[in-house]
1. So, in nm, how far is label A:ILE483 from label A:LEU509 when the simple model puts each one 7 Å beyond its Cα toward the Cβ?
2. Assuming R0 = 35 Å, what is the FRET efficiency of A:ASP265 and A:HIS372, from their Cβ-Cβ distance, to the nearest 0.05?
3. Provide a whole-number value for the mean count of partner chain Cβ atoms within 10 Å of the Cβ atoms in peptide A:272-281.
4. How far, in nm, would the chain grow between A:GLU545 and A:ASP709 when pulled straight, counting 0.36 nm per residue and subtracting the alpha carbon separation?
5. Mind sorting A:TRP470, A:TRP238 by how few other Cβ atoms lie within 10 Å of their own Cβ, fewest first?
6. Give the Cα extents of the range A:241-299 along the principal axes, in whole Å, largest first.
7. Please give the contour-minus-distance gain from A:GLN753 to A:VAL662: 0.36 nm per residue of separation, less the Cα-Cα distance, rounded to one decimal in nm.
8. Mind listing which trypsin sites (Lys or Arg not before Pro) in the range A:665-749 are in a DSSP loop and have 16 or fewer other Cβ atoms within 10 Å?
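Readers should treat all values here as calculations from the given coordinates under stated rules, not as data from a laboratory. Everything quoted here is computed from the prediction, not taken from an experiment. Cβ placement follows ideal geometry from the backbone for every residue including glycine, while neighbour counts extend to all protein chains displayed.
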Amino acid sequence: MLSFNLLVGVCLGYVCLLFLVAFAAEKRARAGKAGWLRSPVVYTLSLSIYCTGWTFYGAVGNAARSGLEFVTIYLGPTIVMIGWWVILRKLVRIGRTQRITSIADLISSRYGKSTSLGVLVTLLAVVGTTPYIALQLQSVTLAFGVFGGPSRDGNATAVWVAIGLALFTVIFGTRSLDANERHHGVVIAIAVEAVVKLVALCALGVFVVWGVAGGPGDAAQLIEASPISQWDMQPDRWVTLTFLSATAFLCLPRMFQVLVVENSDERHLATASWAFPLYLLLISLFVVPIAVVGLAVMPAGANPDLFVLTVPLAFDREGLAMLSFLGGFSAATSMVIVAAIALSTMVSNHIVMPIWLNARSGGATVSGDVRHVVLLSRRISIAGILALGYIYYRYSGGGAALAAMGLIAFVGVSQVLPALIGGIFWRGATRIGAGLGVAIGFAVWLYTLFLPSFGEGVVFPASIYEVGPWGIWLLRPQALFGIEGMDPLVHAVFWSLALNMAAFFIGSLLSFPRPLERLQGATFVNIYRYSDSTRGWGQSFVEAEDLLVMAQRILGAGDAQALFVRVAAEQGKRGYLPDVTPEFLDLLERELSGSVGAATAHAMLGQLTGGVTVSVEDLMRVADETAQMMEQRIQLEAKSGELEITARQLRDANEKLTQLSVQKDAFLSQISHELRTPMTSLRAFSEILMDSEKMAGSERKRYSSIIHDETLRLTRLLDDLLDLSVLENGQVTLNTQPVTVSAVLDRAIGATQSRDEANSLRIIRERDREDVTLVTDPDRLAQVFINVVSNAQKYCDAATPELRISVSAVGDRVVVDLIDNGSGIPKDSQSMIFEKFARLSDQRAAGGAGLGLAICREIMVRLGGGIDYLPGQGGAAFRVTLPQALAAAA
Amino acid sequence: MNDRPEPMFLARETYRRRRLMDAARFLPFLGAFVFIIPALWAQATGTAAGKIYIFGTWICLICLAFIISRRLPTAGQADEAEKEPGRSGPG
């Protein structure tokens, strides 16, 4: 038999080795040669603290009791790990960008850096982890008991183990206030322990399968012949346990510590996604054979939780037993160390620091190094947590089966799940909802599982299980709402998480988050988009010097000064004091939160800056930068649309102007020509009259009448010009009176028809529709019609020219269309015809100077209507639009 | 939120990367599915056969996770892809 003293000696030697490894790793990391210390393999191995002393010993015990059910504890984490892309990657990214120090910090930070939520989650974690630590102490003590015999005092062993663990944790877990909360020494030590426990279990498995059973085939036969040959599965427990272990893998404070906080590179997750399930598979591969062999060779009544030790001892394999013992010892110690670190961080950041800050209301400006306070509070927390674990172990009797205690702890920490998952995937999750959910889940867990776990009559009297508290039958702890017959664990998981989620959801729906909460919510949920930080601080009026004083106390003088100098340099300033910009405050808060947690860092900065933090306006401005960009883009688009329209108008105008200028030139030559022609003939004929004394009377008369006609033409031209100029300047007086369209048309047609009987234009009218009474200036209107009709007479090129006149009333306006059957006006000239001096042809026959339509347009504007060219009518078509009654002002 | 107009179709390489990310998201559901199946038939099965099923599927899942994690884009590329609206992406 292995002597107890030898065992203690080996154990101490092993612990010394771990100290050395951790110390060497710290030294290397400090020298900046972290290198392989931070490899994916080490990361994967560090995750193995999931496999604690409970799983090391308890898995075999569980297998001996209920067959394959033990494997659910490994299937859940496998599902989470292979699904790393969905949840873990996001958690790690959030943890890295937001400098998250623990799961309580994550929850608190997500829900607006809430101190109360941090406290709640911390309490939950402490209560949920204490039985777990007790479990590890128990497993180590039991293991010592196997070697030392029953006479040894188990409590003394537990005390020494607890003290040793506290020492190790304090030394390596609180060496420094690392900005990222990474503990190189501890991580390497637990990686070594991970290898030891895997090797130990595999060695024992190989021995059992090949050494005892005689090969895999024989081992299978042995399983068939064993009491657990039938897979006596309870489907509800199977599903619940798988779900529970997956949940616990995410929510356990120590798992969060190694998964997220200690993660140094996101890509390590990719490796761990398959490597860690492989590790779990190897750990559980030999559990059933060991259990089966143990059941076969050990006497009835032997504790199956200790088969890992007793089976090799039964075959006198003391070396193997020693290895197994070290494996179990590793599993227990690594879990306790990491759990203590994680919990102490939480306790110190979320409970001690806020209290300390409040107690010294002078606040963060008081000089002096605050780091020793943080470190001291962590060290005391570590000792306190281990003491709690010991007390729990001492007074819970240590009799319950290991696995049961572990599962109870799992359910407890799982209460964080809705707040955690909701927080990173649902922006609508609020602080109120999260607080309610966690608190209610916690209470239900305490009531239905944790307190009953002490045994009937310890906390609750037996009557409560029978008739419920105060006789309320519906509230029996293990049959809530009268639903009986459920497995107590399934019952507790079901009700605690169901009520938790309901409270979380309803609370979130009905409450309204504060601005900071909404900002954090958006940042967390959209972490891939906002991987650079979002702004949490508005403009404030704090002195940089005060900030430096505070930062020095938390980060240490050197680091703080280096940070300030760097920021000042980035701002283009020399010296230690940068401008206090919101960006700088954010950076500083993140740096501080790496040491003391988000809520505390926020509170400390809040004290200095007078609590000026993000306002709704800031939120609107900052959180929805993209929305702003979108708005800007829409505005830009609208502007560019406007610009395009303007440009098109300008282009049109320019074109018109160019044409007009060409026209004007043409007109100038035209008008000089027009004026010159009558002038020339006037001069010529007046010279003839002057020179020829003896001219016949008839000759003289003829020449005089030519002169007369030419002066008439000149006068008409000048009249037109004058008319146009009067109209354009608005100096015209209108003589309005009621008149029918028909009468005006009659007048206009009468005035034109008489001139040229030969080339007569047939005019088609619809007299019954022309009987519309207008209040307008009939003379001016007739002038317009005359112009249009005479244009048709002059230019209509059809063989039998026709002009169709149709009158219609549209609303309170009268529309007169005058459409001829000629070839119309070419499209590119349509825009020109109403301009002054526009003439489409050189037809001298026209006789006018191209002012007719321009005058028409001006008249129609004065009459409150308009005249337009109507394209697509099969000929030249003009539409005259008139109001039925001219406004009095016009 | 992201209002950058997204192309209707993607280049072959980007398309593959997106589908691989889909596969990574799907994997945990596959895992949950195969691990829940025993709840349907395990009462009538022996431990040895159950063990073969569990460990067999377990190894398959590990292999799938290995293949997918090896091919998945590095963090930077993944971010670019994630930034696209509607993470399921255009088909």
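1. 1.9 nm
2. Once rounded, the FRET efficiency stands at 0.65.
3. Whole-number average of other-chain Cβ neighbours for A:272-281 is 5.
4. Working: separation 164, 0.36 × 164 = 59.04 nm, distance 10.12 nm.
Between A:GLU545 and A:ASP709, full extension yields an extra 48.9 nm.
5. Lowest to highest Cβ neighbour count: A:TRP470, A:TRP238.
6. Taking the Cα atoms of the range A:241-299, the three principal extents are 49, 21, 18 Å.
7. Fully extending the segment from A:GLN753 to A:VAL662 adds 29.3 nm.
8. Listed in order of number, the matching sites are A:LYS694.
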